[in-house]
Structure formats: C-alpha cells, structure tokens
Amino acid sequence: MPKAHLQRSDLQGLSRLAIEATTQITNISEGLFATIMRRPNRRIGGIPGLVYRQIHTLTRLVGASLEALLAAFSTAAKQTESSRQRDDLLAALNGVLGDYLVASNNPLQTSMSLRVAGKALEPEQSALQTVFEQPQPRILLYLHGVCMHEQQLKQHGHDHGLVAAAALGYSPIHGRYNTGLPIASNGQQLSQLLEQLLANWPVPVEEVVILGYSMGGLVARSACYYAQQLGHTWPQKLSKLIFLATPHHGSAVERYGAWLHYLLERNRYSALFGQIARLRSAGITDLRYGKLIDHDLPAFDRFEKPGQRPDRVALPAHVACYALAATRSTKKAAHSRLRGDGLVAVASALGQAANQPDLDLQIPADRQAIVYSTHHLGILANQAAYQQLLAWLQPLESGMNAAKIALEN
C-alpha cells in the first residue's frame, strides 16, 4: 500500500489550526494597538475597530465553510497508510500542541498505541498471535520521548530495544503516545493498555521490562503509580525499569522558557506575545520539574510564576531500576563539572538530588552509568549505551556485574 504524506482528514485539522492561528494573530495585533493607544480595556473604535471586526467576522465565516466542506470530504475519503515524514511532523505537532488538539477534537491528534514494526497492535489474543509467530514469555517495551514517535528511536540504523530483544529473547513492543498531553494522562492510558496486553498475551508472561527514553521514562513511572491506584496487576510481572536520559527532576530548558514567559507577561507591551508561549502543551510544561501525577490540590495556572512543584513519587519497591545519563563532557572532566546532554542534566537523568534528599530516587550506584561525549539524541545510537543496556537486561540471577561498562567507554 502506498504511503501518504497527507491524509484527507489532515486538511480538516490543518484548516482548523490555520483559522485559530489567524484569530490569535488578529487578537494580538488588536491588543497591541489598544495598548499603544492606551485603551487596553476598551474596544477599539473608528476605522481601526471596524477593520478588526471585519477580519474576525471573515475568519469565522471562512472557518465554518471550510469545516463543513472538509468534514464531508474527509468522511468519504479512503484512509491510506501514513508516511514516515507525516509521522515525524505529527509527532512534533502533538508534542507542542497535543493537549489543544485533543481538547478541540482535531483529527491531527495522536492516540496512544502499542506498536510492532510501525503498526498499531490490537490487544486481542488472536491478533497478538498473528503478529508474533513465536511470542516470548518476556516482553520488552520501549517508549520514546517528547515530540517523537517510536520509529525515531531508530537512529543510524540502530534501535536499542529491537537489537537487545533479539539478542536476549524478548518480544519487542514500542509505545506511541501524544507527548503534548499531561504525563499523568499518558501514564493512565499506558497502564490500561498494558493490563489488556498481559491479559491477552498468547503465552504466560514471565517478565516485563520497560525501557523509557527521555519523557518515556516519566510516562513509565506514572503508569506504575496509576496501576496501583487503579488496581491493575501488570506491575506484578514488571522486573526492571531502565531510564535512558530521563529528566526525573525536570529539564532546565523548560524552566528557562517558563521564566522567559513569566517576564514577558510582566510588561504590558510584551504580555501579548506571552500568549504565544501559552500555546505550549501540558506535556512540555510537565517537563519543568518532572510532573508525573494529577494532584488533589486547588488548580493552579501552569503558566504563572515558575515554582518548584516536584512529584515525590517513589520508584516501585519490587522493581530493579536503572538510570543511564549522557554528557557532552569527556571522561576527563570532574564529575561535579559534567555538562548535561543538551536537554537533561546528569543529576536529573540519574535521579540524584543532593540538595533535596527527599527527592533523590535512591537508584543504587551500581545501577547508574554515564555515557560521555554524546548528546540527548545521540545516546539512541551510542554503542557504549547499548552495551550497558544489554548488560542490565541480563537476567538478575546471572549475577553479571556490568555497572561500569558505559563508564569505561
């Protein structure tokens, strides 16, 4: 089947985004004009006001007409298989605007799914038996990071999860999810899918291992938390959680962005441009401090003055947890001076919090490792990282002490 760069339903989704963008740009322009004219709380009158009102009216009419036309066009259209380029664009778009796409029921939204060879995996036993000719009792689930999809975990022809699964006898599964949704929402959805998967797995499941890259590690932790809250049983088979460049304590990139946004909104002239920063998704703002769960607290504006609201969610006690960090520094650099991987600090990736002991994840030192002279994306194809992951994926009873493999490369 030929793969399409553009589905017909995409036209409907893109038109909605274009209309919304036009509306927002007009609002910003109108607000800036009112501010300059010192009329921030009054409707603009005269010819300028008439022009803005006509733009709003025309935009609504065009939007409604396009919606009706494209809705009928999309309903009658035959769905085709998505191309890699389309998947890349949708992953990035959902990372930035994913919660808005869901709230507005935009067809460009991504739904969570478990996948094999790029295709969604149905949880029914017959479907699983068809996909896996020889299903293994050991399952390896590999989760991607923000603004990504599962096929992007393969870098330079290498996929850590697929290669390790083939070497060690796991059935490999990837997860795809809307990275713009709150991490807590993705955690709940993942727990539900894993509960269905294990209930219908064609052979008795002996072990589940989750390898989480970047945000994927946070989603895995959230899924473990919600599995307990929802009474799910799949964590009973979970033996290992392996975190790959996961920002357990958040990413400085989002914290810097949050402060810039906060400062923009303190000035009446730049505040209107701060509205653009409010478009970034809940998934991205969750990365500020690694927010994993929904809190039973009064609602707060996630765009207000950045304050640390870390989640004190312990790692599951019965699961062996491992953390692999990347640094752009060479091995010669002192540990205290190690740079991050460009997005995640070394301490955050290792779950360390020296200044706040109650936030330290207490991952044993022999289950931590650092890969040197690489960056956040580069770790996905790094062979030192792969050898470390391969050693950690060995059965626990093998007694293999491989904690220093990555450190020595």
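A few comments on the model shown:
- Residue tally, condition modelled with pLDDT of 65 or more and not aliphatic (A, V, I, L, M), over the range 68-93: 9
- The number of residues in the range 226-258 that are small (G, A, S), modelled with pLDDT of 95 or more and out of contact with any strand residue (DSSP E or B) (no Cβ under 9 Å at 6 or more places or on another chain) comes to 1.
- Filtering the range 300-321 for residues that are at pLDDT 70 or above, surrounded by fewer than 16 Cβ atoms within 10 Å (Cβ to Cβ) and of a type in the set (K, R) leaves a non-empty set.
- Taking the numbered list (1) over 18 Å from S214 (Cα atoms); (2) at pLDDT 80 or above; (3) crowded, with 20+ Cβ neighbours inside 10 Å in turn, H261 passes all entries but (2).
- Qualifying residue in the range 366-381 (condition: more than 25 Å from R288 (Cβ to Cβ), in a helix (DSSP H, G or I) and more than 21 Å from the chain's Cα centre (by Cα)): yes
- Only a single item in (1) touching a Ser or Thr at 6+ places or on another chain (Cβ under 6 Å); (2) farther than 26 Å from Q229 by Cα; (3) at pLDDT 70 or above is not met by G342, and it is number (1).
- Unique match (being part of a loop (DSSP other than H, G, I, E, B) and modelled with pLDDT of 95 or more) among V205, V209, V163: V205
- Only one of the listed residues (Q134, Q151) is more than 18 Å from P235 (Cβ to Cβ), without any contact (Cβ under 8 Å) to a residue 40 or more places away in the chain and surrounded by fewer than 24 Cβ atoms within 10 Å (Cβ to Cβ). That residue is Q134.
- When L181, L218, L141, L190 are checked against the criterion of being closer than 30 Å to D341 by Cα, assigned to a loop (DSSP other than H, G, I, E, B) and at pLDDT 95 or above, L181 stands alone in meeting it.
- Some residue of the range 99-119 being surrounded by 17 or more Cβ atoms within 10 Å (Cβ to Cβ), touching a Phe, Trp or Tyr at 6+ places or on another chain (Cβ under 7 Å) and more than 17 Å from N186 (Cβ to Cβ): no
- Residues in the range 357-382 that are without any contact (Cβ under 8 Å) to a residue 24 or more places away in the chain and surrounded by fewer than 16 Cβ atoms within 10 Å (Cβ to Cβ) were compared, and the one that is farthest from K240 (Cα to Cα) is P357.
- Count of residues meeting criterion [over 18 Å from D311 (Cβ atoms) and in contact with a Cys (Cβ under 7 Å, 6 or more places away or on another chain)] in the range 335-375: 1
- Which listed residue is small (G, A, S), assigned by TED's automatic domain parsing to the domain that holds Q394, crowded, with 17+ Cβ neighbours inside 10 Å and at pLDDT 75 or above, from A223, A282: A223
The values are calculated or read from the model by the stated rules, or taken from the named source; none is laboratory data. Only a predicted model underlies this, so the values are computations on that prediction, with no experimental measurement involved. With ideal geometry, Cβ positions are generated from the backbone for all residues, glycine too; neighbour counts draw on all protein chains shown.
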